[in-house]
Amino acid sequence: MPAMPAPTLAQILDMLVEDRLLHAGQKQDVLNRGKEQSRHLLLDRRAELRRLLGRQRVSYTVADPELIASFRFKRLDAPDMALDEEAVTEVMARHLGYPFVRLDPLRLDYRLVVEAFGGPFAEKNLVVATEDKPQHLTVAVTDPWNTALLQQLAEFKQKPIRPVMAPKSEVLRVITEFHGFRRSMRAAEAELTSTLPDIANLEALYRVAGLNELEANDQPIVQAVWYLLNYAVDQRASDIHIEPKREDALVRMRIDGVLHIVHRMPRTVHPAVVSRIKLLSRLDIAEKRRPQDGRFKTEIGRDEVELRVSTVPTAFGEKVVIRIFDPSVLKQSLNDLGFFPREHTLYEQMIRQPNGMVLITGPTGSGKTTTLYSTLHHIASPRVNICTLEDPIEMVQEQFNQMAMQPKIGFTFGTALKNVLRQDPDVIMIGEIRDPDTAENAVQAALTGHLVLSTVHTQDAASAVSRLLDLGVFPFLVAGVLSGVIAQRLVRKVCVSCAMDEVLSAEQIDALRIRGAEGRQLRVKRGRGCVRCRGTGYKGRTGVFEVLPVTPRVRALIQAKAPSQEIKREALNDGMLTLREYAIKKMARGETTFEEILAVTEEHALY
């Protein structure tokens, strides 16, 4: 390893200027205003650490890469990107001859990180063990030129240390999250081990009923749940799964539609964590044999997040799934959902009608709720009375009059519709049309001068017509009230931070049946994988839509009870894009990939 003194701020800035990430004027700006900027940054970092660590006194020193990144300069080599701490650290590592790593919490070995170095030591020295091999231990550090620290680590671990450079903020985040959660788990395990029953088999599920309930407000448990929620929101997770197993409990999070293993908890701690979550969501803590549903709100950082909780009994204990509703996701602008201009215009025309019915179709997890809520926010105003019928209410919104269905007392979609019509509504949103009674009342509401928005479960837009007919609605009524149908899916977006060009192979072009592409090179984008996308190459999701407006010709086909394939053929003649074609167009624009298209869309042949 090269041995050299720590680089000065001026030397680091020279590296950035040499690599053409900054110009000389920006370098001088940092040197002139650096001390003042560093003072402000130090106050912010200390406040953030006090919140994360739960301590009033914390020590912190602002590193030069942090200081440079805080100026938020636009990169000269990529003007649409800001010069961040990761880029500065990567340039330093290359010039100084050290390996550079991006610390992805989902790919780190949790046991190695928390067992290689103690929490206080790791926090003081900013060290994270990333790989343990017989010949050496790889350690991510922020100052690999600190030979005294590396020698101390080698003596402590009794093996050579291989230092790699990582951004300070990432190192500190991993230490805070991993060791903080570990401390909470160990403290909780020590307190609860002697009082918890054995739940290693199915029979034990019924023996816990008569025992005293665990204390769900123990401080380590409170901290552990807070760490999980904070981490989930930070990673943009949509769901948290807490699953009891025979030997331990597994914590998984769904990020961009894919589940990732995040933590393993001691088996003895799992019931207390479940009790804490039940307490927050006002569920019956003593009831462990029946499924329960609840919800609660919390503030994480500066954001207010709503969470919906579901518990079910399993062979090894209660499984909990927490669905996270981020207001910024459910209240997106229609422009941000992924519509192309033509489809956006058609959808606007449908929802601006004073009456009629608009249906959104797709499987569970295809983004129907987001589209519905975004649509309601788009048309909401003080002059519009919006009533929603939901099972359950996905996210409480003051602008709407939201009603939760309660089938146990006979308050179903069908019966609720009859009553809501007496509430002088302008727009009615029905969570799902799933039975003849709901379908009939929804059609009647649309016929009597209301705009009705709802969902059905079909594979494509044209099949929604057949679904209404199967539920017993007369063809002439469907033809009279239906304004349009939207079928949708969600595809993962290529991470813009690590996107690179790629050319589709002949086999891929053939698999997608791209007309007129034979013998041509089709250039698309693919993510290499970086810390921002957790090494997946994807970050975020976007909608893929099949927009079917009910034109006079389509209306005539519906009234004649034409098969869905014929309705789809007519819509295609009018310019409708199928889900597959829409996704291919997204791929051509560099937004998604070949694999995502195959995973979420099907090519339906027309006969």
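Just so it is clear, none of the values below were taken in a lab; they were calculated from the coordinates. Being a predicted model, the structure only gives us computed values, none of them experimental. Please note: Cβ atoms are built from the backbone with ideal geometry, for glycine as well, and neighbour counts cover all protein chains shown.
Within the same chain, lysines fewer than 8 places from residue 159 are excluded, and of the rest, those with a Cα less than 22 Å from its Cα are 124, 133.
Here the chain carries DSSP beta bridges of which approximately 65% are antiparallel, counting only pairs with both residues inside. Taken about its Cα centre, the chain carries a charge dipole of about 420 debye when Lys and Arg each add +1 at the Cβ and Asp and Glu each add -1 at the Cβ. Among the listed pairs 319/525; 27/168; 278/331; 493/561, a Cα-Cα separation exceeding 29 Å is found for 319/525; 493/561. Rounded, prolate or oblate: pick one for the stretch 313-357, where a ≥ b ≥ c are the square roots of the eigenvalues of its C-alpha gyration tensor, a/c under 1.5 means rounded, and failing that, prolate if a/b is larger than b/c, else oblate. Taking the square roots of the gyration eigenvalues as a ≥ b ≥ c, the stretch 313-357 is prolate. Counting other Cβ atoms within 10 Å as a rough exposure proxy, the listed residues 498, 533 run 498, 533 from fewest neighbours to most.
Oblate is the label for the stretch 1-149, because the ratio a/c of its alpha-carbon gyration tensor axes (a ≥ b ≥ c) is 1.5 or higher and a/b is not greater than b/c.
The mean of 1/r over all pairs of different alpha-carbon atoms in the stretch 216-268, once inverted, gives a Kirkwood hydrodynamic radius of 11.6 Å. For the pair the stretch 302-351 / the stretch 478-506, the C-alpha centres are spaced 17 Å from each other.
Straight-line reach from residue 418: taking Cα to Cα under 22 Å and skipping same-chain neighbours fewer than 8 places apart, the lysines in range are 408.
Dipole check for the stretch 273-380: with +1 at the C-beta of Lys and Arg, -1 at the C-beta of Asp and Glu, and the Cα centre as origin, the magnitude is about 400 Debye.
Starting from the Cα gyration tensor of the chain, take the square roots of the eigenvalues, sort them a ≥ b ≥ c, and report rounded, prolate or oblate (rounded when a/c is under 1.5, otherwise prolate if a/b is larger than b/c, else oblate). Cα axes put the chain in the oblate bin.
Along the axis of the charge dipole computed for the stretch 9-97 (Cβ charges of +1 for Lys and Arg, -1 for Asp and Glu, origin at the Cα centre), the listed residues 61, 34, 95 are led at the positive end by 61. Fewest-first ordering of 293, 460 by other beta carbons within 10 Å of each residue's beta carbon gives 293, 460. Note: relative contact order over the chain, using C-alpha pairs below 8 Å and six or more positions apart, is 9 percent. Residue 74: which aspartates and glutamates have alpha carbons under 16 Å from its alpha carbon, excluding same-chain residues fewer than 8 sequence positions away? By straight Cα distance, residue 74 reaches 18, 19, 29, 66, 84, 85, 86.
Computed from backbone phi, the HN-Hα couplings of the stretch 236-241 come to 6, 6, 9, 8, 10, 10 Hz, rounded to whole numbers (Karplus: 6.51 cos²θ - 1.76 cosθ + 1.60, θ = phi - 60°; Gly and Pro given as x).
Computed over Cα pairs, the Kirkwood radius of the stretch 9-97 leads via Stokes-Einstein (1.306 mPa s, 10 °C) to a diffusion coefficient of 115 µm² per second.
Packing around the peptides 310-317, 339-346, taken as the average count of other Cβ atoms within 10 Å per residue, puts them in this order, highest first: 310-317, 339-346.
Legend: ranking of residues 153, 9, 126 from fewest to most surrounding C-beta atoms inside 10 Å; resulting order 9, 126, 153. When +1 charges are put on Lys and Arg Cβ atoms and -1 charges on Asp and Glu Cβ atoms, the dipole computed for the stretch 456-607 relative to its Cα centre reaches about 640 debye.
Of the complete DSSP H runs in the chain, those spanning 18 angstrom or more by Cα along the long axis with a mean Kyte-Doolittle score not below -1.0 are 168-192, 219-234. In the chain, which Cys residues have no partner Cys with a Cβ closer than 4.7 Å? Flagged as lacking a Cys partner: 387.
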